[in-house]
Structure formats: C-alpha cells, structure tokens
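The block underneath contains the structure these notes are about, expressed in structure tokens.
Coordinate-derived values only; no laboratory data. The structure presented is a predicted model; accordingly, all values stated were derived computationally and were not measured. Neighbour counts are summed over all protein chains in view; Cβ atoms, including those assigned to glycine, are modelled from backbone coordinates with ideal geometry.
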Amino acid sequence: MGVGSDYKSKVENLVSQVNTLRTAVIPRTSAVTKLSLVLLGIIFLGVMAQISFPIPGSPVPVTGQTLAVLLLGTAYGASLGFTTFAFYLLMGIAGAPLFASGSHGLAKVVGATGGYLIGMLIASLVIGALAGRKWDQRISTAIPTMILGNAIIFSFGLFWLHHVSGQSWSWAIAKGFTPFLLGEFLKVAIASTALPMIWRLVPKR
C-alpha cells in the first residue's frame, strides 16, 4: 500500500506541474467539453485569419493568425492546442472558409503560405508544452516563449516559400519575413503581457 501510495503521489505531482490556463480555469473536462473547446478554438483561429492585409509583391498576407496561435497554444496547452490547430487545417482543406480572406482548400497548405500554416501547427505544440511548465505565467518567460513560437512559424514559412517560389533566399526573406517584423513584435508584446495578466486573475488552487 505504501509503494502504491507513493507512486500515485508522484504521478499526481507530475500532472499538477503541467498547468495551463485551460486546466486552471476548467480543471475537469469531459469529451464534450474538449470537443467544445476545439470548436471554439477553430472559430477563434478562423476569425483571426480574416484580419488579413495583403503585402504588395508578396504571396503572404499579414494576418491575425499568428497572434491567435500564440494565445491559443499557450492557453490550451500542447495536446489540446495541437489538436485544435490540426482540425482547423483539416476543416480548411475540406472547404471551410477558415484561412486568410475566407480562402480554403489543399492549395493553401501546399502553396506559398503552406509553410507558415505547418509552422503554426508545430508552434502550438511547442509553446503549449512550455506553457504547461508555467512559462506563460510571467512576462520574463512568456516573451521568449512567444519569440520561439514565431521563430518556428517563420522558419517553416520561409523554407517552404523559398522552395515553392523557386526564388532566392534574399527574395524569400524580403517578401516573407521583413514586412512582418513590426506586426510580429506587437503580437509578441500583446501575448506576452496578456497571458500573465490573465493568470493574475485566476484563483489560486
């Protein structure tokens, strides 16, 4: 009994360390609750994707998607965040007008902007894992978390843009990275300050 109790205690302590905003607000979830959260997340991602501004000469628009991924990935955690974005991609590929400017279809994933979408999927997993270790609860750790998330998104995005376009790396960086710097700086600032502020409002358990 003693060994079993010790093992159970260690497992509970390990689980308690993976504490995301979602688990703090909704500690107990059923399959229906998780499905509802996934659907709400998909709607949020889709709405933020419609905040879209074209960049002259670039196939990649400025959108609110990256901010949505930073917020959703950290708030939901690795598993639920990754699952939500994966279903977002699948629904967009299937025909739901969820991508930027109401676009949809497989062409958006295999085309010039596809790398950014895949990068967002991976970023949601990574920053969600860091959030599970409380990296989103303080500005000092939230900032590098959001920067890392953006780095993943743009690494995948630039690599694929370079490959698909057949253009030089300097062209890919000029069209797929440089125009986004100011916007991404603001998004990182928003996400890095908003999440720690929200955590302050969450009752301590």
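Distant-in-sequence amide contacts of residue 62, defined by a placed amide H-H separation under 5 Å and a gap of 5 or more residues or a different chain, comprise 53, 55. Explain nothing, just the number: relative contact order of region 2-201, from Cα pairs under 8 Å at least 6 residues apart, as a whole percent. Here the relative contact order equals 23 percent. Summarising the overall dimensions of region 12-97 from its C-alpha atoms, the Rg and Dmax are 15.1, 53 angstrom. Against the main long axis of the alpha-carbon atoms of the chain, helix 139-165 sits at an angle near 40°.
Projected area of the chain, taken from the Cα convex hull and averaged over every viewing direction, in nm²? Working shown, then result.
Details: hull surface 52.0 nm².
With every direction weighted equally, the projected area is 13.0 nm².
For region 119-205, give the magnitude of the charge dipole about the Cα centre (Cβ charges: +1 Lys/Arg, -1 Asp/Glu; no others), in debye to the nearest 20. Present the calculation step by step, with values, prior to reporting the outcome.
Numbers: 8 positive and 2 negative charges, 96 e Å.
Using only the charged Cβ atoms, the result is roughly 460 debye.
When each of the peptides 147-154, 111-118, 37-44, 181-188 is scored by how many other beta carbons lie within 10 Å of its residues on average, the order from highest to lowest is 111-118, 147-154, 37-44, 181-188.
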